[in-house]
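Peer 1: To start, I am sharing the structure in question, which I have written as structure tokens.
The values are calculated or read from the model by the stated rules, or taken from the named source; none is laboratory data. Computed from a prediction, not measured in an experiment: that's the story for all the values here. With ideal geometry, Cβ positions are generated from the backbone for all residues, glycine too; neighbour counts draw on all protein chains shown.
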Amino acid sequence: MIRSGVEPIILNDAIRLADTIIERVGKTVVLALPLGLGKANHIANALYAKAAADPSIRLTIFTALTLEAPKGKSELERRFLEPLAQRVFAGYPALGYATAIHAGTVPSNITINEFFFLAGQWLGSPYAQQHYISANYTHALSAVLDRGVNVVAQLVAHRGEASRHSFSLSCNPDLTLDLLALRRQGRVNFLLAGQVNSELPFMGNDAAVGAEEFDLLLDSPATDFPLFAPPREPVALGDYAAGLHAASTVPDGGTLQIGIGSLGDAVAQALILRHRKPSDFKALLDSLRPDEAVDAVRYTTSFETGLYGCSEMFVEGLLDIQRAGILKREVDGAILHAGFFLGSRAFYKALREMPRAMSDKFRMTSISYVNELYGEEDAKRRARVDARFINDGMMATLLGDVVSDGLEDGRIVSGVGGQYNFVAQGFALKGARSVIMLRASRMTKGKRQSNIRWNYGHTTIPRHLRDMIVTEYGVADLRGKSDRDVIVAMLAISDREFQDDLLRQAKDAGKIEPSFVLPKTARNNSPDAIKSALKPAADAGLLPMYPFGTDFTEVERRLLPALQLLKSASTGQLIALLLRGLWSNATNQECLTRLGLGNPLGPSEWLYSLLVRGALNSVDS
């Protein structure tokens, strides 16, 4: 046995704690670190440093969603992100294993496996790509056990009162709760090392655990640190269009999951608009597709009964809709069950300061409870009525396959996470639907590309599990339809620039009759049409770019769309923007100063300043 007592050893030095771990488990250390926010960074770094300095120690790290302060790839991105990182991410300790992966210096006695990546983080890393574990979130526990986990290092909250449950797994009870249950049953033996963090919100109920569960605790002001807190992103009009469509699929009295990022915020704001101003919500929905023959059932009224949240991630949008009086349907005293959370500084502050009676309604629990029906199945079925499990995708095919996590060359962008789990629940639960949101097109090097393809060499959710797919142009209800009818529905939510080519490929494959002509109602699918329909509402404050606030400054908010334009521009477009900057009368001095270009030195800085002025002038016009 590697456990030696019922009371944890409390230390104030991470290196001493790492030494104690190695003394207990030996020189083969299989370390599990929670997904995302819940990593005990100082403990992980100390163990990594020990193994890097001593080849006789064999260290395996199993984790997911390694968080890092963003770094720019281009010169302008670097100028924008470095001051932002210093302000927003200052004090967050970098993870040594991530630094080594980037540098290509991971020693041969150390192995790092992840089952979910921060989107795009490791696309250029052969090491990370080769050591990626493809697994559903609910199967990650088995992968941990198969590797012989003997240490779990987790960030924890401490309530500081004489209570049997005075510690909280807070943001990450997701896998740890099940690991602890297995340990109590004698089926696995590992050390639980907790790192106390003063900023981590104390979440009760299942997430609250007693001191006796811990073998080691790291608790010191020197190892306390600010939580990783990415700013909330701007919500573009195209995202709002998709959000309005997705919000119209959600019935009152139902169950909800939404995702992180601008699409998730768009859904949250659309739900709030529907609840508070249902006539405005319906008018906006009608303006997006004025002549649409609606196939999917749409809901446009306020929420009287309200919604219950069942979401692997407790995203900020769920807190926003709770404040608006939408997330209020209780299941055994809970309005939300979730497995992990990650958010902005304002989100963490709100959870820390929330009255306990309300905090207890937000139940952080095991991912096996949230993502599966197994165990308490009858109760879960009664609770998860009329569910809408809304997830994001990158691409979809005309036949309904969804691409969410990887590229056709085999590289992984993120991971499947729990997406399959909720798609499966969408079919297993009465009245439930799986809703996949994606943008119909994207800009790459100045050229628009369709995110709806005839086919693609990678699939996350196969077409036999096709259900609802939502873009800015509408809702394609695919469940139970023939391939021919699925093609028609997907064409109706694709961008008009690509419809003819997509239809040609379908006809060439014999999947739709040669005489088929796409109805005129679907021929107006364009960014200009979205702008025409929604800009008046945006100007009126119904669809704000930052509906729930952000940590970006006002100047940074102005810069973001301009920098995005420069990032996606072709060479010819860059020349045009440079000329526009040359002839622009607007100085935009604050924006240029923020990028260190207020007084350009040398030809390169002068050119950068012209590009930025041209881009700002373009997006402001």
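Peer 1: Residues that are farther than 30 Å from Leu611 by Cβ: list the helices (runs of 4 or more DSSP H) wholly contained in the range 59-134 that include at least 3 such residues. Please lay out each step first, then the result.
Peer 2: Values: elements: 75-88, 96-103, 126-130.
Those helices (runs of 4 or more DSSP H) span 96-103, 126-130.
Peer 1: Right, here's the next one. Only one residue in Leu534, Leu559 is buried (at least 17 other Cβ atoms within 10 Å of the Cβ), within 30 Å of Val488 (Cα to Cα) and modelled with pLDDT of 90 or more, so which one is that?
Peer 2: Leu534
Yes/no matrix, rows are residues, columns are (1) surrounded by fewer than 21 Cβ atoms within 10 Å (Cβ to Cβ); (2) in the same structural domain as Ala14 (by TED's automatic domain parsing); (3) out of contact with any Pro (no Cβ under 8 Å at 6 or more places or on another chain):
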| site | (1), (2), (3) |
| --- | --- |
| Gln185 | yes, yes, yes |
| Phe190 | no, yes, yes |
| Gly194 | no, yes, no |
| Ser198 | yes, yes, yes |
| Asn205 | yes, yes, yes |
| Glu213 | yes, yes, yes |
| Arg232 | no, no, yes |
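Peer 1: How many residues are free of Cβ contacts under 8 Å to residues at least 12 places away in the same chain and outside any loop (DSSP other than H, G, I, E, B) if we restrict to the range 357-378? Steps first, please.
Peer 2: Within the range 357-378, the first condition is being free of Cβ contacts under 8 Å to residues at least 12 places away in the same chain, and the residues that meet it are 357-358, 374-378.
Going one step further and asking which of them are outside any loop (DSSP other than H, G, I, E, B), we end up with 357-358, 377-378.
Count: 4.
This table checks each residue for (1) in the same structural domain as Leu244 (by TED's automatic domain parsing); (2) under 21 Å from Phe389 (Cβ atoms); (3) out of contact with any strand residue (DSSP E or B) (no Cβ under 7 Å at 6 or more places or on another chain).
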site: Arg298; (1), (2), (3): yes, yes, yes
site: Met313; (1), (2), (3): yes, yes, no
site: Gly317; (1), (2), (3): yes, yes, yes
site: Asp320; (1), (2), (3): yes, yes, yes
site: Gly325; (1), (2), (3): yes, no, yes
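Condition check ((1) out of contact with any Lys or Arg (no Cβ under 6 Å at 6 or more places or on another chain); (2) free of Cβ contacts under 8 Å to residues at least 12 places away in the same chain; (3) buried (at least 21 other Cβ atoms within 10 Å of the Cβ); (4) within 29 Å of Arg442 (Cβ to Cβ)) across all residues:
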{"position": "Ile575", "(1), (2), (3), (4)": "yes, yes, no, yes"}
{"position": "Gly581", "(1), (2), (3), (4)": "no, no, yes, yes"}
{"position": "Gly602", "(1), (2), (3), (4)": "yes, yes, no, no"}
{"position": "Arg613", "(1), (2), (3), (4)": "yes, no, yes, yes"}
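Peer 1: Within the range 182-204, track down each residue that is closer than 22 Å to Val29 by Cβ, part of a loop (DSSP other than H, G, I, E, B) and in contact with a helix residue (DSSP H, G or I) (Cβ under 6 Å, 6 or more places away or on another chain).
Peer 2: Val188
Peer 1: Let me ask something else about it. Under 9 Å between Cβ atoms, which residue pairs at least 6 apart in sequence (or on different chains) link something in the range 407-429 that is not assigned by TED's automatic domain parsing to the domain that holds Ile260 with a partner that is part of a loop (DSSP other than H, G, I, E, B)?
Peer 2: If the second residue must be part of a loop (DSSP other than H, G, I, E, B), no pairs are left.
Peer 1: Only one residue in Met394, Met468 is touching a strand residue (DSSP E or B) at 6+ places or on another chain (Cβ under 7 Å) and over 23 Å from Gly254 (Cβ atoms), so which one is that?
Peer 2: Working: Met468 fails: over 23 Å from Gly254 (Cβ atoms).
Residue meeting the stated conditions: Met394.
Peer 1: Considering Ile272, Ile258, which residue is buried (at least 22 other Cβ atoms within 10 Å of the Cβ), assigned by TED's automatic domain parsing to the domain that holds Ala489 and in contact with a Ser or Thr (Cβ under 9 Å, 6 or more places away or on another chain)?
Peer 2: One residue alone meets the criteria, Ile258.
Peer 1: Just checking, how many residues over the range 465-474 are more than 21 Å from the chain's Cα centre (by Cα), closer than 15 Å to Leu399 by Cα and not in a loop (DSSP other than H, G, I, E, B)?
Peer 2: Matching residues across the range 465-474 total 1.
Peer 1: Say whether the condition of being more than 30 Å from Asp483 (Cα to Cα), modelled with pLDDT under 95 and basic (Lys, Arg) is met by at least one residue in the range 511-530.
Peer 2: no
Peer 1: Identify all residues within the range 344-368 that are within 17 Å of Pro231 (Cα to Cα) and either polar (S, T, N, Q) or not assigned by TED's automatic domain parsing to the domain that holds Leu307 (or both); write none if there are none.
Peer 2: If the condition is that a residue be within 17 Å of Pro231 (Cα to Cα) and either polar (S, T, N, Q) or not assigned by TED's automatic domain parsing to the domain that holds Leu307 (or both), then Ser344 is the only one that fits.
Peer 1: Still on this structure, I have one more. Going through the range 236-267 one residue at a time, which ones are among the polar types (S, T, N, Q) and part of a loop (DSSP other than H, G, I, E, B)?
Peer 2: Scanning the range 236-267 gives Ser248, Thr249.
Peer 1: Turning to a different aspect of this structure: Scan Pro34, Pro70 and give me the residue that is surrounded by 15 or more Cβ atoms within 10 Å (Cβ to Cβ) and at pLDDT below 95.
Peer 2: Of Pro34, Pro70, the one residue that is surrounded by 15 or more Cβ atoms within 10 Å (Cβ to Cβ) and at pLDDT below 95 is Pro70.
Peer 1: Return a yes/no flag: does the range 294-312 have any residue that is modelled with pLDDT of 95 or more, farther than 14 Å from Gly254 by Cα and outside any loop (DSSP other than H, G, I, E, B).
Peer 2: Among the residues of the range 294-312, at least one is modelled with pLDDT of 95 or more, farther than 14 Å from Gly254 by Cα and outside any loop (DSSP other than H, G, I, E, B), which makes the answer yes.
Peer 1: Let me ask something else about it. Working only within the range 550-566, note down all residues that are in contact with a Ser or Thr (Cβ under 8 Å, 6 or more places away or on another chain) and assigned to a helix (DSSP H, G or I).
Peer 2: If the condition is that a residue be in contact with a Ser or Thr (Cβ under 8 Å, 6 or more places away or on another chain) and assigned to a helix (DSSP H, G or I), then Arg557, Ala562, Leu565 are the ones that fit.
Peer 1: What pairs can you find where one residue is in the range 193-204 and farther than 22 Å from Leu11 by Cβ, the other is assigned to a loop (DSSP other than H, G, I, E, B) and modelled with pLDDT of 95 or more, and their Cβ atoms are less than 8 Å apart, with a gap of 6+ or different chains?
Peer 2: Listed pairs, sorted by first residue: Pro201/Ser170; Pro201/Cys171; Pro201/Met354; Met203/Leu169; Met203/Ser170; Met203/Cys171; Met203/Pro173; Gly204/Asp360.
Peer 1: Hey, another quick one. For the range 507-524, does any single residue satisfy the condition of being part of a loop (DSSP other than H, G, I, E, B), in the same structural domain as Leu398 (by TED's automatic domain parsing) and under 28 Å from Gly261 (Cβ atoms)?
Peer 2: Checked against the condition, which is being part of a loop (DSSP other than H, G, I, E, B), in the same structural domain as Leu398 (by TED's automatic domain parsing) and under 28 Å from Gly261 (Cβ atoms), the range 507-524 yields at least one hit.
Here is a yes/no grid of residues against (1) more than 18 Å from Ala193 (Cα to Cα); (2) in contact (Cβ under 8 Å) with a residue 40 or more places away in the chain; (3) crowded, with 16+ Cβ neighbours inside 10 Å:
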{"residue": "Pro107", "(1), (2), (3)": "yes, yes, no"}
{"residue": "Gly120", "(1), (2), (3)": "yes, yes, no"}
{"residue": "Tyr137", "(1), (2), (3)": "yes, yes, yes"}
{"residue": "Leu177", "(1), (2), (3)": "no, yes, yes"}
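Peer 1: Can you tell me how many residues within the range 424-464 are in a strand (DSSP E or B) and either more than 23 Å from Gly474 (Cβ to Cβ) or hydroxyl-bearing (Ser, Thr, Tyr) (or both)?
Peer 2: Selection size over the range 424-464: 5.
Peer 1: Related question: Gln154 versus (1) in contact (Cβ under 8 Å) with a residue 40 or more places away in the chain; (2) assigned to a loop (DSSP other than H, G, I, E, B); (3) surrounded by 15 or more Cβ atoms within 10 Å (Cβ to Cβ): which is the lone unmet condition?
Peer 2: Of the numbered conditions (1) in contact (Cβ under 8 Å) with a residue 40 or more places away in the chain; (2) assigned to a loop (DSSP other than H, G, I, E, B); (3) surrounded by 15 or more Cβ atoms within 10 Å (Cβ to Cβ), the odd one out for Gln154 is (2).
Peer 1: Provide a single number: the residues in the range 7-41 that are more than 19 Å from Asp219 (Cα to Cα), among the small types (Gly, Ala, Ser) and either assigned to a helix (DSSP H, G or I) or more than 33 Å from the chain's Cα centre (by Cα) (or both).
Peer 2: Selection size over the range 7-41: 2.
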